[in-house]
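Reviewing the structure listed below.
What follows draws every value from the coordinates through simple rules; no lab data is involved. Predicted model only: the values in this text are computed from it and were never measured. Glycine also receives a Cβ, built like all others from the backbone with ideal geometry; neighbour counts cover every protein chain displayed.
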Amino acid sequence: MTSAQAINTVASIDQLLYISVSMGLSLLVSVWMFYRVTGGVFNPAVSTALWLIGAIGPVRFVLYCLAQLAGAIAASAMLLGLLPGPLVVSTLPGKGVSKAQAVWIEAFLTAALVLTVLMLAAEKHKGTAFAPIGIGLTLFACHLWGVIYTGAGMNAARAFGPAVVSGFDSSHWVYWLGPFIGSLMATALYAFLKHIRYWKLNPDQVRTKAPSPSLKNIWLISPIYFPGHRPKGAVPRGPNERRAGDPGTRAQ
């Protein structure tokens, strides 16, 4: 039984959370562990996007993909040998989900993951060191929604390894085509954001010494510390308008 079939059969929120949390935390820890060694890239879809934006060269791209596929096969074989019973980590479309639907679900889920990697890890900024947290949380969120429908493969290597060990299904190609399309979608959106120079839309977000919000402009506490001060952006008062809290105003 695959992860997708298990959820469809049991319909357990506990099981859904177990799968999502374990996958998200596993990727978070793995990426953070190897981030300064190889970049923490474990997904051919991510490798494809990094190659397309020029973050890695073609040789490294090929080596990354080969290593990812080999690692998936080795991990699947190890699980089969260590754990009792059949291997239950294969991915298949869920009940009632067509292969075409599965392709696009995988594409959009993968696009979300890849775009997170590009914006948090490929783009260098003060928060780059914490990119693994965002990447792991993205995988967690994608599994929460997608595992019921496709098993949330989002990674050709993740589907390929178990298939080599336990056998290929007729829908295996879905988990190659879907993530590939998703990688192209995320790369296209990233290229568009770079083209419009997204960092100029909100420049204070990346400044190391950006001005901090003033207490005078915080609506909830401004009247307490600064009686009579009107925060920036407040609705203008009429010439004779008085409000509760103004000096000389009595409570009704």
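In whole Å, how far is the Cα centre of the stretch 14-74 from that of the stretch 102-120? About 13 Å separates the Cα centre of the stretch 14-74 from the one of the stretch 102-120. Between S12 and A188, the distance separating the two model label sites (each 7 Å from Cα on the Cα→Cβ line) works out to 4.1 nm.
Summing charges over all other residues whose Cβ lies under 11 Å from the Cβ of Y175, with Lys and Arg as +1 and Asp and Glu as -1, gives 0. Peptides 79-89, 42-52, 181-191, ordered by how many other C-beta atoms sit within 10 Å of their residues on average, highest first, read 42-52, 181-191, 79-89. Sorting F192, F180 from the fewest to the most surrounding beta carbons within 10 angstrom yields F192, F180. When you filter the trypsin sites (Lys or Arg not before Pro) in the stretch 111-176 for DSSP loop state and at most 12 other Cβ atoms inside 10 Å of their Cβ, you are left with K124, K126.
The A75 and R197 beta-carbon pair, evaluated with R₀ = 41 Å, returns a calculated FRET efficiency of approximately 0.50. Label separation (V59 vs W145): 4.0 nm, computed from points 7 Å beyond Cα along the C-beta direction.
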